[in-house]
1. Counting pairs of alpha carbon atoms under 8 Å apart in space and at least six apart in sequence, what relative contact order in percent does segment 2-151 give?
2. Grab every C-alpha pair in the chain, bin the distances at 10 angstrom width from 0 up to the longest one, and report whole percents.
3. Return 65, 133 ranked ascending by Cβ neighbour count within 10 Å, so the fewest neighbours appear first.
4. Lysine pairs, Cα distance under 21 Å, 8 or more residues apart or cross-chain: how many in the chain?
5. Going by how many other Cβ atoms sit within 10 Å of their own, how do 9, 60, 118 line up, fewest first?
6. With θ set to phi - 60°, apply the Karplus curve 6.51 cos²θ - 1.76 cosθ + 1.60 along segment 18-24 and write out the HN-Hα couplings as whole Hz, x wherever there is a Gly or Pro.
7. If you take every residue apart from residue 23 with its C-beta less than 13 Å away from the C-beta of residue 23, what net charge results, scoring Lys and Arg +1 and Asp and Glu -1?
8. Per residue, what volume in Å³ does the convex hull of the Cα atoms of segment 9-48 enclose?
Amino acid sequence: MCIEIETRSEEETKRVGEALGQVLQPPDLVCIYGDLGAGKTVFIKGIARALDVDEREITSASFVIIAEHEGKYPFYHIDLYRLSDETDVSQLGLEDYLDGCAVAAVEWPEFLKDWTCSFEVTIQITENDKRKITIVGDQQRIEEIKRWLMEI
């Protein structure tokens with residue numbers, strides 16, 4: 001099942017991420033797709049907010065690849081933008097991070113062939129700098145996200 005939301009500002013994009021974050025728990029893996037500048041990191045700031053991680057700690061992880069955060073659960077922000085192929089992914093030791101004890105959000109997850117995403121998020125820039133956010137996941141949890149969106 002999926003939900004589509006249009007946002008008009010960074011704060012609205014964060015709120016959608018926060019709504020998703022409210023339903024996350026270990027070992028959830030969120031795969032986030034979108035062009036450069038689409039708002040993937042902004043969306044992850046919302047997830048972090050819901051997981052009791054200071055959103056100011058969330059920065060573009062493009063040069064770090066894996067950023068570890070402590071909150072309600074261990075939270076890993078993984079950015080695979082700089083990788084060139086699946087071989088690079090296998091050398092990261094992701095299994096150590098995705099061992100079931102944490103929530104992870106992955107930007108540029110195209111190289112994650114051996115992992116199953118709990119949620120797939122696609123962020124597209126539309127007219128007038130708006131964002132169209134599509135979240136795909138199981139029906140019950142999508143319904144929970146819709147409820148959270150009505151509350152925030």
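1. Values: 295 pairs, mean separation 52.4, N = 150.
Averaging sequence separation for qualifying contacts and normalising by length gives 35 percent for segment 2-151.
2. Pairs per bin, as whole percents: 12, 45, 36, 7, 0.
3. Working: 65 16, 133 23.
Starting with the residue having the fewest Cβ neighbours, the order is 65, 133.
4. Eligible lysine pairs with Cα atoms under 21 Å apart amount to 16.
5. Listed from fewest to most nearby Cβ atoms, that is 9, 60, 118.
6. My calculation for segment 18-24 gives 5, 4, 5, x, 5, 9, 7 Hz in order.
7. With Lys, Arg at +1 and Asp, Glu at -1, the neighbours total -2.
8. In segment 9-48, the Cα hull volume divided by residue count equals 57 Å³.
Computed from the coordinates by the stated procedures, all read-outs in this text should not be read as laboratory data. Bear in mind that the values here come from a model prediction, so they are computed numbers and not experimental data. When we count neighbours, we look across all protein chains shown, and the Cβ atoms used for this are built from the backbone with ideal geometry, even at glycine.
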